[in-house]
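Please read the structure below before turning to the comments.
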Amino acid sequence: MEKRLIKKDALAGIAKKMAGDFLVWAPVKKEDNILFEPLQKDAEPFFAYLNSKNAPKNVFFPHTETLIKYTRTEKGMVFSEDENKAKDAVLFGVRSCDAHSFALLDMLFDQEKYKDGYYIAKRQKTTVISLACVKPPYASCFCTSVDGEPVSSEGADILLTDIGSDYLVEFVTPKGEKLTKYFGDTKADAASETRKTEIVAKAKDAIKSKIPAHEVKPILDKNFDNPFWATIHGKCLACGTCTYLCPTCHCFDISDEVKGSDGVRLRSWDSCMFPMFTKETSGHNPRTSQKERWRQRTMHKFKYYVDNFNAIACVGCGRCVMSCPVNIDIRKIVEDISKL
Amino acid sequence: MENIETKLREEAKRLLLEKKADVIIGYEKGTLPLTATPCFITIPEEADKLVWNDLCTQNLAKFVHDLITAHKNSQKRVKPEDRKKKVIGIVARGCTTRSLIIHLQERQYARDEIYIIGVPCTGYVDGKGLKVAISGADIVEGSIDGGQIKLKTSDGDKSVALKDVLSDSCKTCRFNNPIISDVMVGQNAPAMNHDSEYNEVNEFEKKSVEERFAYFTKEMEKCMRCNACRQACPSCYCPTCFVEQSQPQWVGIGENKTDTQVFQFMRLYHMVGRCVDCGSCVAVCPMGVDLRKFLKKIDKDGWELFGNRAGSSMEDMPPLGKYDEHHDKEEFIFNP
């Protein structure tokens, strides 16, 4: 694996240089929020951030995406593909937990049985550059409980680790190696790798928030009807904050919007927290209340995904914990389930 | 505060023991530092969980409406003579009681279906504002003592004056003490700085149409359509919001700029005479959209044009909820 060193203050310059060549998604400070957005000309990326407000999943799985366009004509429907074809892009500076989420989303969108062309096209054209958490940003981070690590190359093509005065740049995949020219020519020495090993261990130890994420799977297998499910949702507002900010939540809705003879078919985020979620055309909803919706959310992350892909659909970023308006804490839910 | 908390717990216990209420909606300590979260107490022993402090954010009236609606739905198939009444106890400060008044004026439930435990309020901490005050650092631990918030953060120890990080709604609140209550816990709190409640709106009104629209556009671009504002609002209780209606479809489902604007301004206009400036929508918004600027303008218009402040008294009906020749300014309504 190719490894190099770059000076810490060179990072923003590299991102900006890349932005001249292709689409670069980078953390940008917008008023009080840090968001992953396409880096505009003259804009400064903001790498001194804890983590972004929104998960960068929108790069591959946007909130709203046009699937097809169509026009009704006398000769029948004329279809056209969306002009927003996937472009060469770089996702610059995502945290290890968020990069981990891409590996999890790949299992679903790019599996043997179903291939999601829209997702895959963007994923293939985008190089993911991770910015490891040498110091875990939040007290509520719990990546180590859900098969993650604060410094990890999982889901990344290039991994950047702050080793003091420099960043150690590791080109993890062939896709990452294609971008070596942007990172100078200082080869990493043995000392910097030793330093990284120390940092990895230290960062891992610094994650204090732990949840029994693996322990709950056999319990969930047997407790679909447990009265426990009635204890979570009372205060839930049924808003979509947790699912919209979540790096792994991926439920979507498909709808047609038609004006005159022209129509578009849109895919947009759905949320299991919405009362409309899984509501059928007849008006019937198999999930009758927020109780069933919360069971779905928990089961999906800690049971169904494990059943289907042998992986927990949570990366421990803590966004839902920190942003839930009524402090419904997934860590506590998992903890409580482990005691059932 | 602690004294109020003790009394509040005693009162809640008494209500449950005497079966004067089936559930008490209040606040308990949250799992994150410096947070309180809504809770539902149904057995007297649990009343000790209740807290009352500067971190109690949500307007709990929303849950009153939810619980009563759910209860009424559950009674629909029960014979009228066998139907049970459910009484909801609620810990309510000024703005919460205003929302309850609106529910009562709009005949959502009867006065005897709720039991109001009034609490004095000196304002709650704006969580997002506090984050900004400490430059976005992560709060590891925190406590409030003598008007100072002391914090252990990812950026070291910090201290912030409580009055600086109160919610904007609280800083200029006109009704911080309960307007109606069945029992009052603690003495009324001193008035907040309500003389300046419209300062921001006055400034905003001076701007040109283009500038105001540019501000509206900028704020609405932050919105990700999670619906948290609507869901937290006690006045947003339509069984099906227009946003979710499909025949006809009023608003597109996606993250379209215009659709988002339509959702937001339609919601804003549904708040005429119904927004109590509790700040819940602002507090829950994950993206920090400045909804209050527009809601406060609507509130100001309600006061200046109709002499009404939403939910400020049981007798004073909201401008869109009363029709009589003594109050309607426009003559054409009666002499077309």
> Pairs, please: C-beta under 7 Å, at least 6 apart or cross-chain, first residue facing chain A (nearest Cβ under 8 Å) and touching a residue at least 60 places away in the same chain (Cβ under 8 Å) and in the range B:205-232, second buried (at least 21 other Cβ atoms within 10 Å of the Cβ) and hydroxyl-bearing (Ser, Thr, Tyr)?
Replying inline: B:Met224/A:Tyr244; B:Cys226/A:Thr241; B:Cys226/A:Tyr244; B:Ala232/B:Ser280
> Of all residues in the range A:154-180 being charged (D, E, K, R) and modelled with pLDDT of 95 or more, which is nearest to the chain's Cα centre (by Cα)?
Replying inline: A:Glu154
> Within the range B:246-263, can you find the residues that are of a type in the set (A, V, I, L, M) and either at the interface with another protein chain (Cβ under 7 Å from one of its Cβ atoms) or surrounded by fewer than 18 Cβ atoms within 10 Å (Cβ to Cβ) (or both)?
Replying inline: B:Ile253, B:Val262
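Each row is one residue, and each column tells you yes or no for (1) without any contact (Cβ under 8 Å) to a residue 40 or more places away in the chain; (2) surrounded by 23 or more Cβ atoms within 10 Å (Cβ to Cβ).
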site: B:Ala47; (1), (2): yes, no
site: B:Leu50; (1), (2): no, yes
site: B:Thr57; (1), (2): no, yes
site: B:Lys62; (1), (2): no, yes
site: B:Leu67; (1), (2): no, no
site: B:Asn73; (1), (2): yes, no
site: B:Arg83; (1), (2): yes, no
site: B:Ala92; (1), (2): no, yes
site: B:Ser99; (1), (2): no, yes
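Do any helices (runs of 4 or more DSSP H) entirely within the range A:286-329 hold 1 or more residues that are buried (at least 23 other Cβ atoms within 10 Å of the Cβ), and if so, which?
A:290-299, A:319-323
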>> Give me the residue from the range B:18-30 that is in a loop (DSSP other than H, G, I, E, B) and crowded, with 17+ Cβ neighbours inside 10 Å and, out of that set, nearest to the chain's Cα centre (by Cα).
In response: B:Gly30
>> Condition first: part of a strand (DSSP E or B), among the aliphatic types (A, V, I, L, M) and out of contact with any helix residue (DSSP H, G or I) (no Cβ under 8 Å at 6 or more places or on another chain). Now tell me which residues in the range A:1-26 satisfy that.
In response: A:Leu23
> Among A:Val258, A:Val321, A:Val334, A:Val315, which is farther than 23 Å from A:Lys235 by Cα and either within 14 Å of chain B (Cβ to nearest Cβ) or in contact with a Phe, Trp or Tyr (Cβ under 7 Å, 6 or more places away or on another chain) (or both)?
Replying inline: A:Val258
>> Of the conditions (1) away from chain A (no Cβ under 13 Å); (2) of a type in the set (S, T, N, Q); (3) free of Cβ contacts under 8 Å to residues at least 12 places away in the same chain, B:Ser235 satisfies every one except a single condition; which number is it?
In response: (3)
> If we scan the range B:83-94, do we find a residue that is in a helix (DSSP H, G or I) and not assigned by TED's automatic domain parsing to the domain that holds B:Asn177?
Replying inline: no
> Within the range A:282-322, how many residues are within 19 Å of the chain's Cα centre (by Cα) and at positive phi?
Replying inline: 3
> Just wondering, is there one or more residues in the range A:176-192 that are touching a Cys at 6+ places or on another chain (Cβ under 7 Å), of a type in the set (Ser, Thr, Tyr) and not in a helix (DSSP H, G or I)?
Replying inline: no
> Which members of the range A:127-146 meet the condition of being within 15 Å of the chain's Cα centre (by Cα) and not hydrophobic (A, V, I, L, M, F, W, C)?
Replying inline: A:Thr127, A:Ser130
> Does the range B:31-41 include one or more residues that are surrounded by fewer than 17 Cβ atoms within 10 Å (Cβ to Cβ) and in contact (Cβ under 8 Å) with a residue 60 or more places away in the chain?
Replying inline: no
> Tally time: how many residues in the range B:168-211 are surrounded by fewer than 18 Cβ atoms within 10 Å (Cβ to Cβ), among the β-branched types (Val, Ile, Thr) and part of a loop (DSSP other than H, G, I, E, B)?
Replying inline: 1
> Of the residues that make up the range A:60-74, is at least one over 12 Å from the mean Cα position of the chain (by Cα), more than 13 Å from chain B (Cβ to nearest Cβ) and free of Cβ contacts under 8 Å to residues at least 24 places away in the same chain?
Replying inline: yes
> In the range A:272-299, what residues are touching a residue at least 24 places away in the same chain (Cβ under 8 Å) and within 15 Å of A:Tyr244 (Cβ to Cβ)?
Replying inline: A:Cys272, A:Met273, A:Phe274, A:Phe277, A:Arg293, A:Arg297
>> Looking only at the range A:138-148, how many residues end up being part of a loop (DSSP other than H, G, I, E, B) and crowded, with 19+ Cβ neighbours inside 10 Å?
In response: 6
>> I'd like to check something: does the range A:28-38 contain any residue that is surrounded by 15 or more Cβ atoms within 10 Å (Cβ to Cβ) and more than 12 Å from every other protein chain (Cβ to nearest Cβ)?
In response: yes
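A:Glu292: of a type in the set (D, E, K, R), outside the structural domain of A:Ser152 (by TED's automatic domain parsing), at pLDDT below 95 and out of contact with any Leu (no Cβ under 6 Å at 6 or more places or on another chain), yes or no?
no
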> If you go through the range A:233-255, how many residues are buried (at least 21 other Cβ atoms within 10 Å of the Cβ) and either more than 10 Å from chain B (Cβ to nearest Cβ) or not in a loop (DSSP other than H, G, I, E, B) (or both)?
Replying inline: 11
>> Please verify whether B:Lys86 is within 24 Å of B:Met314 (Cβ to Cβ) and of a type outside the set (Val, Ile, Thr), treating the condition exactly as stated.
In response: yes
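Quick check on this structure: which one of B:Cys226, B:Cys238 is more than 17 Å from the chain's Cα centre (by Cα) and within 27 Å of A:Cys239 (Cα to Cα)?
Going through B:Cys226, B:Cys238 in turn, just one is more than 17 Å from the chain's Cα centre (by Cα) and within 27 Å of A:Cys239 (Cα to Cα): B:Cys226.
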> Does the range B:217-245 hold any residues that are hydrophobic (A, V, I, L, M, F, W, C) and either touching a Leu at 6+ places or on another chain (Cβ under 7 Å) or surrounded by fewer than 15 Cβ atoms within 10 Å (Cβ to Cβ) (or both), and which are they?
Replying inline: B:Ala228, B:Cys229, B:Ala232, B:Cys238
> Can you pull out the residues in the range B:92-150 that are within 25 Å of B:Met271 (Cα to Cα) and of a type in the set (Gly, Ala, Ser)?
Replying inline: B:Ala92, B:Gly94, B:Ser99, B:Ala110, B:Gly118, B:Gly123, B:Gly127, B:Gly129
> Of the numbered conditions (1) among the β-branched types (Val, Ile, Thr); (2) over 27 Å from B:Met184 (Cβ atoms); (3) within 14 Å of chain A (Cβ to nearest Cβ); (4) not in a helix (DSSP H, G or I), B:Val132 satisfies every one except a single condition; which is it?
Replying inline: (4)
>> Which of the numbered conditions does B:Leu15 fail, given that it passes all the others? Conditions: (1) within 26 Å of B:Cys281 (Cβ to Cβ); (2) crowded, with 22+ Cβ neighbours inside 10 Å.
In response: (1)
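The values are calculated or read from the model by the stated rules, or taken from the named source; none is laboratory data. Not measured: the values here are computed from a predicted model. Quick reminder, even Gly has a Cβ in these numbers, built from the backbone with ideal geometry, and neighbours come from all protein chains shown.
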